[in-house]
Amino acid sequence: MIEIKDIHKSFGDNDVLKGISGKFNPGITNLIIGGSGSGKTTLLKCMIGLHHPEKGSVEYDGRDFTQLNTEERIEIRKEIGMLFQGSALFDSMTVEENIMFPLNMFTDQSRSEKLDRVNFCLDRVNLSGKNKLFPAELSGGMKKRVGIARAIAMNPKYLFCDEPNSGLDPKTSIVIDELIKEITEEYNTTTVVVTHDMNSVMGIGDYIMFLHEGKKFWEGSNKEIAKTDIQELNDFVFASRFMKAAKDKF
Amino acid sequence: MNFTNFGRYILLLKAAFKRPEKWKIYMKAIFQQMEFIGVGSLGLISIISTFIGAVMTLQIAFQLVSDFIPKTIIGSVNRDSSILELSPTISAIVLAGKIGSAISSEIGTMRVTEQIDALEIMGINAPGYLIMPKILAGITMVPVLVIISMVLSITGGYLGGTISGAVSPAEYIQGITTDFNPFTIAVALVKAFVFGFIITSVPAYEGFYVKGGALEVAQASTRAVVVSCISILACDYIVTQLML
């Protein structure tokens, strides 16, 4: 479980996060949603230590990440898998080398053991046989799937996904969403997904935290989100004509 | 570099030289960088050094027209100029352009495409993995390239001088073998070591702290070459002053 308490973060005079708290449980897909500039990516970066919050704590199963020294942080980071918005695959490495990279760095497995793990991860994201391709040879959806494969290579306890559907067509987006949900349930990972994709919200949002102007405005599940009367949340959820029409119909 | 940048540069170097997570992987990266910096620059350095040596001989011969000055001086001047100044400094400036811009844009692109963030999230010391192999490769391969450059520059001088008739082969060889001071080689190698460090560490710093996109990566690359060249010339003066 990941628990954040009273997170504050500002850049110069701009207060981006204004005291956000919440719990993200394992085995379910936790979503952080909000409009552009609401602070969701900043919150994610505070949680994984790429930004340092001015105030507040981030606890990984009781271990306060903000209070740990570098070595202790590295130990927690070995338990973290991360899917970046742009996939962040290493351009100079093949798909196989990308996925094998954390295994090379942190395990003493033999080459065949590592290769088995790579093939297992690739199979898990339906990319078997793509080992020798370079990132430049992959489509956007394939890059995301390789990103997921790399993220799960070390059997992470915590999985973070930053806008996993950005730039993908609706069909591929659903594939990625379902993959994240399956992996979360199968390995009981604590998964936190930052998104503003309403298909993801309605499809996989077991727990949803809605941010608006750097504050937590609402939390609940995808079953509850359509029933709220919070104006800011409704403005966000039903911003598209499709969602508005769906709401009017039902 | 202002003081803030210099401080961040020192802190980055400190982070880069932390104990590696796995030496085997770092060694592989070091050899890859050695190949890129050393073998990859060999052709360019060879061509430049040979022509500079040839041109130097012609220009020295053009200036030394007095009957009181023996022509063997042409070889001596060319030898000392090549060893002490031309081979280390010209090679370093050329390498700053070729290697420095490549290092800066490689690391800068990794920064803006979140690849460096990905390394850090994995628990890998990104400065160590990305920068340390480049610096170690630079401080080993640049001296090797400078030695090759010295040999080719002197050889180029021989070819240029003898083909043009500015100096006879015997006079040139007598010139380069007379009053040779081996300490000049040591000075050149110290310079090459320092320049190798600058050529790799300054562009790595510029690339590592890029913010933005493609435009900023390009700007960082340009800045890396400019700062490297100025640093090379400043250190050239300092090393010369200290050692000669």
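The values are calculated or read from the model by the stated rules, or taken from the named source; none is laboratory data. Given the structure is predicted, the values throughout are model-derived calculations rather than measurements. Reconstructed Cβ throughout: ideal geometry from the backbone, glycine too, with neighbour counts over all protein chains shown.
Quick notes on this structure:
- Unmet criterion (only one of (1) surrounded by fewer than 17 Cβ atoms within 10 Å (Cβ to Cβ); (2) away from chain B (no Cβ under 14 Å); (3) over 21 Å from the mean Cα position of the chain (by Cα)) for residue A:107: (2)
- Each residue in region A:4-27 was checked for being touching a residue at least 60 places away in the same chain (Cβ under 8 Å) and in contact with a strand residue (DSSP E or B) (Cβ under 6 Å, 6 or more places away or on another chain), and 9 of them qualify.
- Hits in region A:67-97 (condition: of a type in the set (Ser, Thr, Tyr) and buried (at least 19 other Cβ atoms within 10 Å of the Cβ)): A:87
- Residue in region A:84-101 that is of a type in the set (Val, Ile, Thr), farther than 20 Å from residue A:161 by Cα and either away from chain B (no Cβ under 12 Å) or touching an Asp or Glu at 6+ places or on another chain (Cβ under 8 Å) (or both) present: yes
- Residue in region B:5-20 that is surrounded by 21 or more Cβ atoms within 10 Å (Cβ to Cβ), aliphatic (A, V, I, L, M), in contact with a helix residue (DSSP H, G or I) (Cβ under 9 Å, 6 or more places away or on another chain) and within 22 Å of residue B:191 (Cβ to Cβ) present: no
- With respect to the stated conditions, residue A:1 fails to be touching a residue at least 40 places away in the same chain (Cβ under 8 Å), under 30 Å from residue A:233 (Cα atoms) and within 14 Å of chain B (Cβ to nearest Cβ).
- Flag if residue A:78 is within 11 Å of chain B (Cβ to nearest Cβ), charged (D, E, K, R) and under 22 Å from the mean Cα position of the chain (by Cα): yes
- Segments classed as helices (runs of 4 or more DSSP H), wholly inside region A:131-250, with at least 1 members that are surrounded by 19 or more Cβ atoms within 10 Å (Cβ to Cβ) and hydroxyl-bearing (Ser, Thr, Tyr): A:170-187, A:198-204
- Residue that is surrounded by the most Cβ atoms within 10 Å (Cβ to Cβ) [pool: residues in region B:110-155 that are within 14 Å of another protein chain (Cβ to nearest Cβ) and under 28 Å from residue B:186 (Cβ atoms)]: B:134
- When residues of region A:110-128 are limited to those that are away from chain B (no Cβ under 14 Å) and out of contact with any helix residue (DSSP H, G or I) (no Cβ under 8 Å at 6 or more places or on another chain), the one surrounded by the most Cβ atoms within 10 Å (Cβ to Cβ): A:119
- Subset of region A:38-48 [away from chain B (no Cβ under 14 Å) and farther than 18 Å from residue A:231 by Cβ]: A:39, A:40, A:43
- When every residue of region B:214-225 is checked against the conditions, at least one turns out to be of a type in the set (Val, Ile, Thr), at pLDDT 95 or above and closer than 20 Å to residue B:89 by Cβ.
- Candidate set from region A:148-169 (those that are more than 19 Å from residue A:186 (Cα to Cα) and among the charged types (D, E, K, R)); member that is nearest to the other protein chains (Cβ to nearest Cβ): A:162
- Residue within region A:140-147 that is within 14 Å of chain B (Cβ to nearest Cβ), among the β-branched types (Val, Ile, Thr) and touching a residue at least 40 places away in the same chain (Cβ under 8 Å) present: yes
- Note on region A:57-70: residues that are within 10 Å of another protein chain (Cβ to nearest Cβ) and of a type in the set (D, E, K, R) amount to 0.
- Taking the listed residues B:55, B:65, the one that is under 22 Å from residue B:164 (Cβ atoms) and either within 14 Å of another protein chain (Cβ to nearest Cβ) or assigned to a loop (DSSP other than H, G, I, E, B) (or both) is B:65, with no other qualifying.
Yes or no, residue by residue, for (1) in contact with a Pro (Cβ under 6 Å, 6 or more places away or on another chain); (2) of a type in the set (Asp, Glu); (3) under 16 Å from residue A:164 (Cβ atoms); (4) in a helix (DSSP H, G or I):
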site: A:7; (1), (2), (3), (4): yes, no, no, no
site: A:18; (1), (2), (3), (4): no, no, no, no
site: A:21; (1), (2), (3), (4): no, no, no, no
site: A:30; (1), (2), (3), (4): no, no, yes, no
site: A:33; (1), (2), (3), (4): no, no, yes, no
site: A:38; (1), (2), (3), (4): no, no, no, no
site: A:46; (1), (2), (3), (4): yes, no, no, yes
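- Some residue of region B:62-71 being of a type in the set (A, V, I, L, M, F, W, C) and crowded, with 22+ Cβ neighbours inside 10 Å: no
- Restricted to region A:1-37, and to residues there that are closer than 21 Å to residue A:231 by Cβ and surrounded by 21 or more Cβ atoms within 10 Å (Cβ to Cβ), the residue that is farthest from the chain's Cα centre (by Cα) is A:20.
- The set of residues in region B:20-50 that are touching a residue at least 24 places away in the same chain (Cβ under 8 Å) and outside any helix (DSSP H, G or I) comprises B:20, B:21.
- Residue check, residue B:166 of a type in the set (Gly, Ala, Ser), farther than 30 Å from residue B:100 by Cβ and not in a helix (DSSP H, G or I): yes
- In the set B:60, B:107, B:73, only one residue is of a type outside the set (S, T, N, Q), away from every other protein chain (no Cβ under 14 Å), in a helix (DSSP H, G or I) and touching a Leu at 6+ places or on another chain (Cβ under 8 Å); that residue is B:73.
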